[in-house]
Amino acid sequence: TASPDEIKAVAPNKSDKIKIMSGAQRGATGKLIGVDGSDGIVKLDETLDVKILDMHTLAKLAHLVITS
């Protein structure tokens, strides 16, 4: 398990899997299907709804791989 100090939010690019980091949809995941200025167009995984969200609330979703 990684601690919060070991995790860095990375701005997503179009087609990246994302996680919403703040707001009413916080914790939801989806795919960034477009960018319009400071807005991200996101298709949510759970509901398949399309939302327009501030890019500052989005982070690229990645799987942490720990090697020893």
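Each value in this text was obtained by applying a stated rule to the coordinates, not by laboratory testing. None of the values given here were measured: they were computed from a predicted structure. For neighbour counting, all protein chains shown are included, and Cβ atoms are generated from backbone atoms with ideal geometry for every residue, glycine included.
Within the stretch 1-38, count every residue that is without any contact (Cβ under 8 Å) to a residue 12 or more places away in the chain and outside any loop (DSSP other than H, G, I, E, B).
Result for the stretch 1-38: 3.
Which of the residues spanning the stretch 39-51 are closer than 16 Å to ARG26 by Cβ and either surrounded by 15 or more Cβ atoms within 10 Å (Cβ to Cβ) or in contact (Cβ under 8 Å) with a residue 12 or more places away in the chain (or both)?
Going through the stretch 39-51, the residues closer than 16 Å to ARG26 by Cβ turn out to be 40, 42, 44-47, 49, 51.
Result: GLY40, VAL42, LEU44, ASP45, GLU46, LYS51.
Filter the stretch 1-57 down to the residues that are within 30 Å of THR67 (Cβ to Cβ) and basic (Lys, Arg) and list them by number.
Going through the stretch 1-57, the residues within 30 Å of THR67 (Cβ to Cβ) turn out to be 1-21, 27-32, 45.
Correct list: LYS8, LYS14, LYS17, LYS19, LYS31.
So THR67 fits all but one of (1) surrounded by 10 or more Cβ atoms within 10 Å (Cβ to Cβ); (2) closer than 24 Å to SER3 by Cα; (3) of a type in the set (Val, Ile, Thr); what number is the exception?
Of everything listed in (1) surrounded by 10 or more Cβ atoms within 10 Å (Cβ to Cβ); (2) closer than 24 Å to SER3 by Cα; (3) of a type in the set (Val, Ile, Thr), THR67 misses just condition (1).
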